[in-house]
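Have a look at the structure below, then the notes.
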Amino acid sequence: MITYEELHQQNHAITEISNVLLYLIEERSMCDTQITCDLFFDYVDKVKNHLEIQDLHMYNILLTKGDNESRKIAENFMSGSKEIKRIFQSYQKKWSNKQSHALRISNYDAFRKETRGMFDLVLKRIQDETERLFPLVKEVSGDYQKVA
């Protein structure tokens, strides 16, 4: 069972880590620290987990119980989730090495710019979930406490 409170907590944790990482990466020397790398991989895991939970539990409600508009919104969020995963995978492949649990920064300015862009994309998604997706799923399902 997953509750809306848990989803909000996940969003808060993702937002908090992204804010800390954005602060840390402004200083080039901080990018190579173990703490930054640990936070980065924690961030990656939290984002992936959060998207998977939505894929497994939220969209089906809108697709099966919702009206045409609800289904359209579900399809848009599913499409957005797929695109975020694709972009995220490409970003992660370019800038990190999961096996050695390290960041690979060959061009610091490009890394910083792409990281800001990636985090902005995820933060915008979180805002859209909070303002549009969660309220709609609550309305369609009739359950204001838990998603599944």
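The values are calculated or read from the model by the stated rules, or taken from the named source; none is laboratory data. Since the structure is predicted, the reported quantities are computational estimates derived from the model, not experimental observations. Note: ideal-geometry Cβ built from the backbone for every residue, glycine included; neighbour counts use all protein chains shown. Just the protein is used for accessible areas: all its heavy atoms, side chains included, with ligands, DNA and RNA removed. Shrake-Rupley method; radii C 1.70, N 1.55, O 1.52, S 1.80 Å.
Please list, ordered by first then second residue, the pairs with beta carbon atoms under 8 Å, 6 or more apart or interchain, first in the stretch 72-98 and in contact (Cβ under 8 Å) with a residue 60 or more places away in the chain, second open to solvent by 10 Å² or more (accessible area, probe 1.4 Å) and in a helix (DSSP H, G or I).
Filtered contacts from the stretch 72-98: Ile73/Arg132; Ile73/Leu136.
Kindly evaluate Tyr43 against the criterion of being open to solvent by less than 80 Å² (accessible area, probe 1.4 Å), part of a helix (DSSP H, G or I) and closer than 21 Å to Ile2 by Cα. Working first, answer last.
Working: open to solvent by less than 80 Å² (accessible area, probe 1.4 Å): yes; part of a helix (DSSP H, G or I): yes; closer than 21 Å to Ile2 by Cα: yes.
For Tyr43, the condition - open to solvent by less than 80 Å² (accessible area, probe 1.4 Å), part of a helix (DSSP H, G or I) and closer than 21 Å to Ile2 by Cα - is met.
One residue is enough: does the stretch 87-103 have a residue meeting the conditions touching a Ser or Thr at 6+ places or on another chain (Cβ under 7 Å), hydrophobic (A, V, I, L, M, F, W, C) and either open to solvent by 70 Å² or more (accessible area, probe 1.4 Å) or under 30 Å from Val147 (Cβ atoms) (or both)?
no
Take Arg132 and tell me if it is open to solvent by 40 Å² or more (accessible area, probe 1.4 Å), assigned to a helix (DSSP H, G or I), over 26 Å from Gln34 (Cβ atoms) and charged (D, E, K, R). So that I can check it myself, show each step before the final result.
Working: open to solvent by 40 Å² or more (accessible area, probe 1.4 Å): yes; assigned to a helix (DSSP H, G or I): yes; over 26 Å from Gln34 (Cβ atoms): yes; charged (D, E, K, R): yes.
It is true that Arg132 is open to solvent by 40 Å² or more (accessible area, probe 1.4 Å), assigned to a helix (DSSP H, G or I), over 26 Å from Gln34 (Cβ atoms) and charged (D, E, K, R).
Which one of these does Phe111 not meet: (1) open to solvent by 20 Å² or more (accessible area, probe 1.4 Å); (2) farther than 24 Å from Leu133 by Cβ; (3) modelled with pLDDT of 95 or more; (4) touching a helix residue (DSSP H, G or I) at 6+ places or on another chain (Cβ under 9 Å)?
With (1) open to solvent by 20 Å² or more (accessible area, probe 1.4 Å); (2) farther than 24 Å from Leu133 by Cβ; (3) modelled with pLDDT of 95 or more; (4) touching a helix residue (DSSP H, G or I) at 6+ places or on another chain (Cβ under 9 Å) applied to Phe111, the lone miss is (1).
Before we move on, is Lys124 closer than 22 Å to Glu6 by Cβ, basic (Lys, Arg), without any contact (Cβ under 8 Å) to a residue 24 or more places away in the chain and open to solvent by 20 Å² or more (accessible area, probe 1.4 Å)?
Values: closer than 22 Å to Glu6 by Cβ: yes; basic (Lys, Arg): yes; without any contact (Cβ under 8 Å) to a residue 24 or more places away in the chain: yes; open to solvent by 20 Å² or more (accessible area, probe 1.4 Å): yes.
Spelling it out, Lys124 is indeed closer than 22 Å to Glu6 by Cβ, basic (Lys, Arg), without any contact (Cβ under 8 Å) to a residue 24 or more places away in the chain and open to solvent by 20 Å² or more (accessible area, probe 1.4 Å).
Return yes when Tyr59 is open to solvent by less than 50 Å² (accessible area, probe 1.4 Å), more than 22 Å from Glu6 (Cβ to Cβ) and in contact (Cβ under 8 Å) with a residue 12 or more places away in the chain and no when it is not. Quick ask: steps written out before the conclusion?
On the way: open to solvent by less than 50 Å² (accessible area, probe 1.4 Å): yes; more than 22 Å from Glu6 (Cβ to Cβ): no; in contact (Cβ under 8 Å) with a residue 12 or more places away in the chain: yes.
In short, no.
Among Ser18, Ser106, Ser79, Ser29, which is loosely packed, with under 15 Cβ neighbours inside 10 Å and under 16 Å from the mean Cα position of the chain (by Cα)? Talk me through it step by step, then tell me what you get.
Numbers: Ser18 fails: loosely packed, with under 15 Cβ neighbours inside 10 Å; Ser106 fails: under 16 Å from the mean Cα position of the chain (by Cα); Ser29 fails: under 16 Å from the mean Cα position of the chain (by Cα).
Going through Ser18, Ser106, Ser79, Ser29 in turn, the sole match is Ser79.
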